[in-house]
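Before any comments, here is the structure.
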Amino acid sequence: MPLYSFAMHPLDGANERVNGARERLDELKPHVQAFRVEKRSSITYDRRPETIILNGQQKRVVIGTASTRIFPAPLKLSRLIGEVIQHLRTALDYLVYELTRYDAKSIIEHTQFPVADCEKTFKQLLSRYRLKGNLSPEHIATIERLQPYKGCNWTKWLAEFSNPDKHKALTAVASPVTFSPSPGSTEAILADKKMDMEGDITIRITFSDGTPVVEGLEQLVSQVTKTLIDFNSEFK
C-alpha cells in the first residue's frame with residue numbers, strides 16, 4: 001500500500017497553518033493601527049529652527065525631532081502576534097514531519113524544524129528531533145541553508161519572536177518631520193510660530209529590535225509560504 005494514498009498533498013496541513021497565520025495577521029492589523037493612534041498623543045517632540053542648503057541656497061526650516069517610547073502591548077495585541085508566530089512555526093514542524101515520513105517510509109514522532117545559531121547546535125538538534133538518519137542528506141542540507149548561522153535572517157526572527165517577551169513590550173517610533181517657513185518668515189517669527197507638527201508625525205510600532213510588527217510578520221508569512229512551495233515537488 002503506498003505511503004500516501006489520499007488525495008490531499010502532504011503539505012496541505014502546513015499550508016493550512018500558514019492560512020491561519022494570515023487570518024490572525026489580518027485580525028492583528030487594525031489593533032496595531034488603533035495602538036498607533038492611541039500612543040500618538042503620548043509622543044513628544046522638540047522643535048528647532050535650522051538653516052539648510054537647498055539647490056545652492058540657504059533655507060530656514062523647522063526640524064521636529066520626536067521621541068521613541070516603549071509601551072506595554074495590550075494583551076490581545078500580544079496574543080495575536082504570538083498566534084501568528086505559532087502558526088508559522090507549526091507549519092515548519094509539519095513540513096519536517098512529512099519530509100521524515102517520506103524519506104524514512106514510516107511515521108517518525110517528535111520531530112521539529114530545527115533553528116540553530118551555530119553548526120554544533122544544528123547537529124545536536126538533528127539528533128534531538130530525530131531527523132538524523134530519517135531525513136535524506138539532501139533534505140538536511142536544504143534545511144541547513146535555512147539556519148541563522150547560514151545567514152538566513154527570517155528563521156532567526158521567527159525563533160526570536162517566538163519569545164513572548166519580544167511582543168509584550170512594543171516600541172513606538174516617531175519619525176522626524178521638517179517644516180519649511182512661509183515666504184518672508186524671519187527666524188524669530190519662525191521659532192515662535194505655532195505649528196501643528198503632531199499631524200505630520202509618523203508612528204511605527206516595532207519589536208524591540210526595531211523590526212516593524214506588521215511588516216516583519218508579513219515577511220515571515222511570505223518566507224514560510226515560499227519554503228513550503230520550494231518543497232512541494234519533493235513529494236512524488
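If we keep just the residues of the stretch 208-224 that are outside any helix (DSSP H, G or I) and either closer than 15 Å to Leu88 by Cβ or among the charged types (D, E, K, R) (or both), which is modelled with the lowest pLDDT?
Selected residue: Asp209.
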Inset, instruction - Could you grab the pairs with beta carbons closer than 8 Å, sequence gap of 6+ or different chains, first residue in the stretch 88-111 and farther than 12 Å from Asn15 by Cα, second one part of a helix (DSSP H, G or I) and among the β-branched types (Val, Ile, Thr)? - result: Val96/Ile143; Ile108/Thr100; Thr111/Val96; Thr111/Thr100
Legend entry - Top-ranked residue of the stretch 91-110 - restricted to ones that are under 29 Å from the mean Cα position of the chain (by Cα) and surrounded by fewer than 19 Cβ atoms within 10 Å (Cβ to Cβ), ranked as nearest to Arg130 (Cα to Cα): His110
Inset, instruction - Being of a type in the set (S, T, N, Q) and within 21 Å of Ile107 (Cα to Cα) narrows it down to one of Ser162, Ser136, so name that one. - result: Ser136
Legend entry - Candidates Arg47, Arg36, filtered to the one that is at pLDDT below 95, farther than 24 Å from Arg89 by Cα, in a helix (DSSP H, G or I) and of a type in the set (D, E, K, R): Arg36
Inset, instruction - Please work out if Gln124 is polar (S, T, N, Q) and farther than 19 Å from Gln223 by Cβ. - result: yes
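Only one residue in Thr178, Thr186 is touching a strand residue (DSSP E or B) at 6+ places or on another chain (Cβ under 8 Å), surrounded by fewer than 17 Cβ atoms within 10 Å (Cβ to Cβ), among the β-branched types (Val, Ile, Thr) and at pLDDT below 85. Which one?
Thr178
The values are calculated or read from the model by the stated rules, or taken from the named source; none is laboratory data. Quick caveat: nothing in here was measured; it's all calculated off a predicted structure. Glycine gets a Cβ as well: all are built from the backbone with ideal geometry, and neighbour counts include every protein chain shown.
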